[in-house]
Amino acid sequence: MLQLTPSQSLHHPLSSPPPPQIFPFSPFLQSCKTQHDVKRAHALSLRTGAFDHPSIASRLLALYADPKINSLSYARSVFDLIRHPDLISWNILIKCYVENQRSHDAICLFHELVHEFTPDSFTLPSVIKGCARLNAVSEGKQIHGLVVKAGFSLDKFVQSSLVSMYSRCGEIGYARKVFDQMGERDLVLWNCLIDGYARCGEVELALQLFNEMPERDYFSWTCLVDGFAKCGRLDIARDVFDRMPSRNLVSWNAMINGCMKSGDFEMAYRLFNEMPTKDIITWNSMISGYEFNGQFMEALKLFLVMLKEGLVPNHTTFVGALSAVSGLAVLSKGKWVHSLMVKHGIESEGVLGTSLIDMYSKCGSVDSALTVFRMISKKKLGHWTAVIVGLGMHGKAEHALEIFSEMCRTGLQPHAITFLGVLNACSHAGLVELGRHYFKMMTNDYGIEPTIEHYGCLVDILCRAGNLEEAKDIIEGMPMRPNKLIWMNLLSGSRNFGNINIGEYAARCLIEVAPETSGCYVVLSNIYAAAGKWDKVSSVREMMKKRGIRKEPGCSYIEHKGMLHEFNVGDKSHPQAKEIYSKMAEMREKLKSAGHVPDTSQVLLCLEDEKEKEAELENHSERLAIAFGLINVDSGTPIRIIKNLRVCNDCHSITKLLSDIYNREIIVRDNSRFHHFKNGLCSCKDFW
DNA sequence: TTAGGGTTAG
């Protein structure tokens with residue numbers, strides 16, 4: 001039998017009913033924990049008419065905007081239904097926009113708000129934070145004016161957000177002024193300024209403030225650790241870290257990240273093993289730190305350990321892992337990382353789409369890069385740029401330029417890097433006129449100021465076509481000081497066209513800006529060798545010896561069944577060395593029958609005997625890798641080789657011939673681009 | 001019914 005409650009039992013069934021009660025909304029709203037709860041309350045409020053009560057609608061707005069629920073679109077729709085929203089409702093909505101990376105909209109709302117209300121000490125910190133996020137310092141300064149006019153010059157909440165905004169926008173001087181004019185300074189205000197100094201690299205000043213401040217918390221200590229660690233002053237960072245009264249995860253991570261970025265892997269590893277708990281940021285700092293320093297294999301190994309330990313990789317982990325794969329250029333590893341992304345349900349839109357396109361291009365599979373590109377539904381400028389750059393490095397200039405036009409038709413504005421991709425494509429394909437055309441288009445139609453990299457491309461384009469004088473004029477007329485790459489381009493062009501005068505001039509300038517560049521001496525001696533000036537070759541070699549400069553040794557590698565096989569010049573250490581050398585002898589015979597005459601013009605050594613020079617060429621590392629590939633890689637699969645230096649003339653001609661003789665596709669990535677060798681031809685059309 | 005800085009990977 002149903003037990004009646006006392007209140008129910010008081011009413012006789014025949015007596016008059018109690019007056020209709022308004023649904024008790026307040027406690028109901030208070031109990032909302034999830035978005036689902038709030039939606040239910042929202043629906044009920046609409047059904048019962050309670051929504052029309054301004055306090056109920058405002059409360060719903062606050063719930064949707066609560067960081068735990070964080071439903072911006074619902075918050076906005078509730079706000080739009082409130083007939084006369086009060087200042088509190090405006091404040092809640094603006095804050096919600098800022099927290100959801102919609103600072104621009106937040107600032108627009110703020111402009112609407114000031115027509116009706118004077119902003120208060122809740123409005124201002126939110127909108128100032130929005131300015132900081134957007135790096136909108138001029139907007140921030142205007143709001144600062146309003147802060148003064150509205151009488152918030154001594155409000156600690158408003159002032160600390162101003163200090164933070166100025167220091168994040170790189171205006172540390174203004175941050176300091178705001179700090180100085182505050183009579184009463186609390187911990188947060190001190191922290192904002194210390195963080196500002198540490199961020200802009202003024203670590204000494206940060207330390208000075210730190211020593212002056214009356215009390216410190218985690219935040220103050222960690223800002224300092226991070227500031228010193230980021231600018232490479234690890235000893236001081238470590239000292240501060242060791243002196244911390246107690247450490248939290250963030251401070252460990254800051255220290256580890258700093259060590260990794262400075263390349264002190266040993267200290268990073270010690271800390272990594274010592275720390276009591278790790279989180280995804282710890283792992284990501286380690287992985288991307290290795291990647292940052294070119295330790296691609298180490299980065300991938302650690303990625304694997306992380307997976308084995310059962311951690312779930314996130315967006316940033318994949319950016320690091322994909323970049324490491326791009327550096328190694330090992331396609332099978334790239335496919336594996338891509339499949340893991342799919343398995344973890346990580347979208348390829350956004351930055352990761354760019355990483356994937358870049359990875360497939362740099363691993364030699366430009367077709368996969370295109371497939372990824374086509375599958376991205378909302379293509380952003382970065383995606384277009386990545387695919388243009390990728391096609392360019394594979395010598396597919398026409399395709400790159402088609403994509404560029406397609407992009408312009410969608411109404412997207414190319415930026416400086418897009419043009420770098422376009423110009424690079426032109427240079428790799430020897431398209432001189434088009435190169436000039438796009439260089440002009442960039443400045444005239446898009447108002448983009450050419451950087452030194454753009455000039456580098458233009459010089460490269462002209463040099464490849466043999467217009468050395470014009471290239472020299474461009475360099476001399478540049479508004480900035482030419483760098484190492486520019487002179488190297490002119491020097492290589494001079495070698496390719498046998499121009500000793502310009503070659504010597506370029507080498508002289510190059511030695512001036514970068515005396516440690518071994519390539520410079522090598523190319524200059526190549527120029528002299530080609531002209532048969534052996535005395536000059538010797539003097540260049542003497543100079544190299546005196547300055548302690550050594551030619552970077554050639555090294556090639558090839559991946560087979562998940563293993564990387566590395567070959568150095570004249571290497572006999574490989575387990576299959578015997579087979580490889582007999583394959584090389586076979587290659588030599590076949591090349592000879594095909595009528596190949598070795599091109600010894602680029603041999604650095606001063607060898608009298610032609611035979612010795614030929615022998616030097618035959619030891620080049622990519623030949624060992626090709627021989628290995630011919631022995632081991634299945635006949636239907638391309639042989640993919642990665643090389644640390646530029647492919648030399650003779651290796652280039654023999655690889656073309658070998659692709660025909662053995663009917664194999666050979667893909668070589670050298671230090672600047674890809675060569676696809678097939679049926680006796682190369683995709684670079686002999687421009688490289 | 002709002003509550004400053006939020007530091008570490010990118």
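What the table below lists for this structure:
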read-out: Complete set of residues in the range A:70-88 that are away from DNA strand B (no atom under 12 Å from the Cβ), outside any helix (DSSP H, G or I) and not hydroxyl-bearing (Ser, Thr, Tyr); value: A:83, A:84
read-out: Selection status of residue A:558, more than 19 Å from residue A:644 (Cβ to Cβ), surrounded by 13 or more Cβ atoms within 10 Å (Cβ to Cβ), in contact with a Gly (Cβ under 8 Å, 6 or more places away or on another chain) and of a type outside the set (D, E, K, R); value: no
read-out: Subset of the range A:180-204 [within 11 Å of DNA strand B (Cβ to nearest atom) and β-branched (Val, Ile, Thr)]; value: A:188, A:194
read-out: Conditions (1) assigned by TED's automatic domain parsing to the domain that holds residue A:32; (2) at pLDDT 90 or above; (3) away from DNA strand B (no atom under 11 Å from the Cβ): number failed by residue A:65; value: (3)
read-out: Condition check for residue A:477: surrounded by 21 or more Cβ atoms within 10 Å (Cβ to Cβ) and either farther than 30 Å from residue A:377 by Cα or in contact (Cβ under 8 Å) with a residue 40 or more places away in the chain (or both); value: no
read-out: Subset tally (residues that are surrounded by fewer than 19 Cβ atoms within 10 Å (Cβ to Cβ) and either over 24 Å from residue A:178 (Cα atoms) or under 29 Å from the mean Cα position of the chain (by Cα) (or both)) for the range A:110-129; value: 4
read-out: Residue tally, condition touching a residue at least 24 places away in the same chain (Cβ under 8 Å) and surrounded by 19 or more Cβ atoms within 10 Å (Cβ to Cβ), over the range A:304-318; value: 3
read-out: Unmet requirement for residue A:99, which otherwise passes all of (1) buried (at least 19 other Cβ atoms within 10 Å of the Cβ); (2) closer than 28 Å to residue A:161 by Cα; value: (1)
read-out: Evaluation of residue A:590 against (1) at pLDDT below 85; (2) more than 22 Å from residue A:644 (Cα to Cα); (3) basic (Lys, Arg) (one fails), failing number; value: (1)
read-out: One residue from A:121, A:138, A:126, A:103 being away from DNA strand B (no atom under 15 Å from the Cβ) and among the small types (Gly, Ala, Ser); value: A:138
read-out: Unique match (being farther than 20 Å from residue A:547 by Cα and part of a helix (DSSP H, G or I)) among A:506, A:529; value: A:529
read-out: Residue in the range A:152-168 that is farthest from the chain's Cα centre (by Cα), counting only those that are closer than 13 Å to residue A:183 by Cα and near DNA strand B (Cβ under 6 Å from one of its atoms); value: A:156
read-out: The range A:599-634 - residue that is touching a Ser or Thr at 6+ places or on another chain (Cβ under 6 Å) and not in a loop (DSSP other than H, G, I, E, B) and, of those, modelled with the highest pLDDT; value: A:625
read-out: Considering residues of the range A:635-688 that are surrounded by fewer than 21 Cβ atoms within 10 Å (Cβ to Cβ) and small (Gly, Ala, Ser) only, the residue nearest to the chain's Cα centre (by Cα); value: A:672
read-out: Test: residue in the range A:289-309 that is within 19 Å of the chain's Cα centre (by Cα), on the phi > 0 side of the Ramachandran plot, assigned to a helix (DSSP H, G or I) and within 16 Å of DNA strand B (Cβ to nearest atom); value: no
read-out: For residue A:357: the one exception among (1) within 12 Å of DNA strand B (Cβ to nearest atom); (2) crowded, with 16+ Cβ neighbours inside 10 Å; value: (1)
read-out: Among (1) touching a residue at least 60 places away in the same chain (Cβ under 8 Å); (2) under 30 Å from the mean Cα position of the chain (by Cα); (3) not assigned by TED's automatic domain parsing to the domain that holds residue A:617, the one test that residue A:564 misses; value: (3)
read-out: Single condition residue A:177 does not satisfy, out of (1) near DNA strand B (Cβ under 10 Å from one of its atoms); (2) closer than 23 Å to residue A:137 by Cα; (3) among the basic types (Lys, Arg); value: (1)
read-out: Qualifying residue in the range A:195-214 (condition: of a type in the set (Lys, Arg) and part of a helix (DSSP H, G or I)); value: yes
read-out: Total residues in the range A:42-57, condition more than 16 Å from residue A:79 (Cβ to Cβ) and either of a type in the set (A, V, I, L, M, F, W, C) or surrounded by 16 or more Cβ atoms within 10 Å (Cβ to Cβ) (or both); value: 3
read-out: Identity of the residue in the range A:69-88, within 18 Å of residue A:126 (Cα to Cα) and under 39 Å from the mean Cα position of the chain (by Cα), that ends up surrounded by the fewest Cβ atoms within 10 Å (Cβ to Cβ); value: A:70
read-out: Residue selected from the range A:250-266 under the condition of a type in the set (S, T, N, Q) and assigned to a helix (DSSP H, G or I), by the criterion farthest from DNA strand B (Cβ to nearest atom); value: A:251
read-out: Residue within the range A:232-249 that is more than 30 Å from residue A:560 (Cα to Cα), among the β-branched types (Val, Ile, Thr) and either modelled with pLDDT under 95 or assigned to a loop (DSSP other than H, G, I, E, B) (or both) present; value: yes
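Per-residue answers, yes or no, for (1) among the aromatic types (Phe, Trp, Tyr); (2) in a helix (DSSP H, G or I); (3) in contact with a Leu (Cβ under 7 Å, 6 or more places away or on another chain):
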position: A:166; (1), (2), (3): yes, yes, no
position: A:174; (1), (2), (3): yes, yes, no
position: A:179; (1), (2), (3): yes, yes, yes
position: A:188; (1), (2), (3): no, yes, no
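The values are calculated or read from the model by the stated rules, or taken from the named source; none is laboratory data. It should be emphasised that the depicted structure is a prediction, and the values quoted were computed from it without experimental measurement. Virtual Cβ from ideal backbone geometry, glycine too; neighbours counted across all protein chains shown.
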